Amino acid sequence: MRQTSDTFLENASHALADADKVQRRDLMAVFTPLIRDAAMEGFGQFDALRQHVKQVRQHSLDHLGHYLTQFEEEALHNGNFVHYARDGNELNSRVLDICQQHSARHIAKGKSMVTEETGLNDFLERAGLSVTETDLGEYIIQQAGETPSHIVGPALHKSAAEIRELFLDKHDLGPRELAEITDLVGEARQVLRDKFLKAEVGIIGANALIAESGYSMLVTNEGNGDLCANLPKVLIICTTIDRVLPRAEDATAMLRLLVRSATGQAQTCYTSFYSGPRRELDTDGPLETHFVLLDNHRSDILASDYHEMLQCIRCGACLNHCPIYTGVGGHAFGWVYPGPMGSILTPLLTSLEQSNALPNACTSCGRCAEVCPADIPIPDLLRDLRHEETRRQLSAPRWRLGMKLHGWLARHPRLYHRLTGWAITALHRLGRKRGRFSRLPMAEGWTSQRDFPAPQGKTFMQQFALQQQQEMPSPVRDKPRKTRLRPEAGRTKAPRVKPSPPGAAKTASKAVPADKPARAVAAKAPAKSASPKSRTGKPPARKPRSRGPVKTRTEPHFGEPLEPQSGADERRSTTTGKPQEPDDVN
Amino acid sequence: MSTSARSEILARVRKASRGSSAESLSQQLQGLGVAPAAPLPCAELATAFLANVLKNQGSAAVVSGRSEAVKAVGAYLYKHFRSHRLVAGNDPHLAAMPWRDAGVLPRFGSIEPGEPAALSYAMLGIAETGAIVTFTGKSSPASNNLLSEHHIVLVDQAKLVANMEQAWLGINREIERVGRPRGINFIAGPSSTGDIEGKLVYGAHGPRGWHVILIGEALDSALQEARELAGLA
């Protein structure tokens, strides 16, 4: 699909101008976190499960070479073809080859974000194939010529009335009412049933690949993916190399998190594990099955400091909890993956140049990290991408200059506190009467949308110093320090807690110790506050990878062109995977 | 650099991965322990399973034996279709049922157009999720689960397990006996969608109704309690 991430701000303004859609998103922003929270509360051990699954996935990724090979061996043994694709073009070409080998014209497709990423539908349609998305949400947006706005509910941006109009226009079924949502679902069921029965090739994705047995796991509520996997003669499973888990029980442990985080259910209606083509005595199922395993920069991410992003299970919880996503919707992000996870994945899978606005589309509120079932430090990764933008001079020069000035000021705490103290006092006096400002120089970005509240007289540090003064009876010398935070501006008034060594004032004024986990920094510090990095000019301390000491930053590819490609590779079992004879196919 | 996609990708992945022997990896995995499962709504397996079936928007019945089970199937068919047409997988458990007792004679095989209801025999029932497990194959053709209007499942009380980890133990035992099936299905409710305005609608592509008949001793109170736990009583 065409990427428009570079115009995120314009996209967002456009999205905010549509009051109906804003209202719809506001509702979703209330509703979706509630059902997720209820499901997690019912489970009761969210953190324990999250840590368990995280460790298992980290183990899988740390030894991905082993598990990927094991999966391949087992999948071949089960009678599959296994293909590898370095990028989207290779995946698309391989899938088209398979379809053409079978002279297929009609393709039924289950929901797959990977094939959205590679633009498979357009590719196959350009080659003359008829591709039908069968997930109801995907079907709706395919008919409307749109792209998904959400990775779980791709058509949630559309109203029932819009879908009614769409179906009346696209389905030649005579005059009818379609007054209720159930009528719309019923009509799609009727139309799509024919597509399933007609399709020669089914294409689905996979929520996990199981190394020990070569099965793939597919999680759906509609059952459309299963119809794609069971009815057509040929099945192609398109997924990525990072989906491999060691054991079946690891996949179902992840399932507990996935389903609750995505839809608030304890279990989806259909969770299916597929191993390959039909067995000797089977009466149904595909005669030929293929796995196409896509890399598309996952191996670069694996080797980079952004490797935690590969733990993402595509549940959509970070979208539902993100004030930016719920404000502007998924389309504003301009590519396949929106919201917090998309703001990391898009730069990593495409390029930071094309998407440098996305890592800035973050308030650092930390809600995404709180609910992420994979415990990905999303705000940290976004902040690191912002650092990367500054380092590579991708952000606006004015912005960089401002950050530089702020960084310099933050490294001079006395001056910082004195200046902010003056500014706050001045604003307090000026705004005392009205209590707010409707216009402020250099803050039009704020005041054009809302009033700026007048400061209440003292800076946080001054108030903090006063509070400490009041709380601390003398003699104070023996009392333990309450915190490492010590006000600079109020220092002359505040009693000294204990004698400070030279340079201690500078250290103590630092809001966050450098050795504190970066996640806490991002969750608590406002976006513009002095971060450890701005103080030292070095990347922030990231948690060490479990497999060794902290590496120096290893950059992912950021859109570097790949080596010239030859065809995707293919292997076929010689034991059980003999291609079916044409007689068997018909 | 190799021009083969496979060798290039595997080389990159290996470069970023750590090498260990399969044995030591297995030990490391064991060391991570077992994932916590969802708490059961009640300690009694049958009640917990039924409560979760009901929460999954399935309907449920309990019977004390095979004769009662076929009668329950007949009653369900009559209630929904005013007919006794039924397709069932070629499962020995189903073939051995006393069908005459209910005046129902299923056609054994894969579903044909016009057949509204399909019957499966569950290999397992999972109390944690209210799901039933089947292997694809002639004993349980996938099209029967997916293309019928109503899917009816018989579950023996002895086949109930507490959670998904126990389910895999059972599944792996069966795989040792019969080999890897093409598909392993966990089914937990009628086909549903929330894709239009988040409103939940049943019968998206597959069955609109999902009916579980649990066969075991003294289960009447279990069903009553399950209804209460599911907030239906």
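Computed from the coordinates by the stated procedures, all read-outs in this text should not be read as laboratory data. Note that the structure is a prediction, hence the values are computed from the model and not measured. Cβ: placed from backbone, ideal geometry, glycine included. Neighbour counts: every protein chain shown.
Quick notes
- Couplings 3J(HN,Hα) of the stretch B:207-217, computed from phi: x, 7, x, 9, 10, 10, 10, 9, 9, x, 8 Hz, in residue order, whole Hz [Karplus 6.51 cos²θ - 1.76 cosθ + 1.60, θ = phi - 60°; x for Gly and Pro].
- With R₀ fixed at 60 Å, the C-beta to C-beta distance from A:MET1 to B:SER26 puts the FRET efficiency at about 0.90.
- Each residue in A:ASP169, A:ASP250, A:ASP226 was given a count of other beta-carbon atoms within 10 angstrom of its own, and listing them fewest first yields A:ASP169, A:ASP250, A:ASP226.
- Applying both filters, DSSP loop and at most 10 other Cβ atoms within 10 Å, to the trypsin sites (Lys or Arg not before Pro) of the stretch A:95-167 eliminates every site.
- Using 0.36 nm per residue and subtracting the Cα-Cα separation, the extra length available between A:ALA160 and A:HIS14 on full extension is 50.4 nm.
- Full extension of the chain between A:ARG432 and A:GLN449 gives 4.0 nm of extra length, using 0.36 nm per residue less the Cα-Cα distance.
- Restriction of the GluC sites (Glu not before Pro) in the stretch A:237-341 to DSSP coil positions whose beta-carbon has at most 13 other beta-carbons within 10 angstrom yields A:GLU280.
- Ranking B:PRO106, B:ALA72, B:LEU119 by Cα position along the charge dipole of the stretch B:40-229, where only Lys, Arg, Asp and Glu carry charges on their C-beta atoms, puts B:PRO106 farthest toward the positive end.
- For B:GLY206, nonlocal amide neighbours, meaning residues 5 or more places apart or on other chains whose placed amide H falls under 5 Å from its own, are B:SER191.
- Per-residue Cβ neighbour counts within 10 Å put B:THR129, A:THR7, A:THR118 in the sequence A:THR7, A:THR118, B:THR129, beginning with the fewest.
- Among the listed pairs A:LYS109/B:LYS79; A:LYS21/B:LYS55; A:LYS109/A:LYS170; A:LYS404/B:LYS15; A:LYS195/B:LYS138, those beyond 27 Å (Cα-Cα): A:LYS109/B:LYS79; A:LYS21/B:LYS55; A:LYS404/B:LYS15
- Computed over the stretch B:40-229, relative contact order equals 31 percent, with contacts defined as Cα pairs under 8 Å that lie 6+ residues apart.
- Exposed loop sites here mean trypsin sites (Lys or Arg not before Pro) with a DSSP loop assignment and at most 15 other beta-carbon atoms within 10 Å; chain B contains its longest site-free run at B:86-198.
- The chymotrypsin sites (Phe, Trp or Tyr not before Pro) found in the stretch B:133-231 include none that occupy coil by DSSP while having at most 14 further C-beta atoms within 10 Å.
- Average beta carbon contacts from partner chains per residue of B:135-142, 10 Å cutoff: 6
- Under 16 Å of direct C-alpha separation, and excluding same-chain neighbours fewer than eight residues apart, A:LYS111 reaches these aspartates and glutamates: A:ASP122, A:GLU133, A:ASP135, A:GLU138, A:GLU146, A:GLU222, A:ASP226, B:ASP195.
- Within the stretch B:15-131, the percentage of alpha carbon pairs spaced more than 25 angstrom apart rounds to 46%.
- Cα-centre dipole for the stretch A:268-319 with unit charges at Cβ (Lys and Arg positive, Asp and Glu negative), debye to 20: 140
- Ordering A:LEU466, A:VAL22, A:THR32 by Cα displacement along the dipole of the protein assembly as shown toward the positive end leaves A:LEU466 in first place; charges were set at the Cβ atoms of Lys, Arg (+1) and Asp, Glu (-1).
- Long-range tail of P(r) for the protein assembly as shown (Cα pairs > 41 Å, %): 39
- Fewest-first ranking of B:HIS93, B:HIS205, A:HIS66, using other Cβ atoms within 10 Å as the exposure measure: B:HIS93, A:HIS66, B:HIS205
- Cα gyration tensor shape of the stretch B:40-229, rounded if a/c is under 1.5, else prolate or oblate by comparing a/b with b/c: rounded
- Spin-label proximity, A:SER103 to the stretch A:177-200 - amide N less than 18 Å from point 7 Å beyond Cα toward beta carbon: A:198-200
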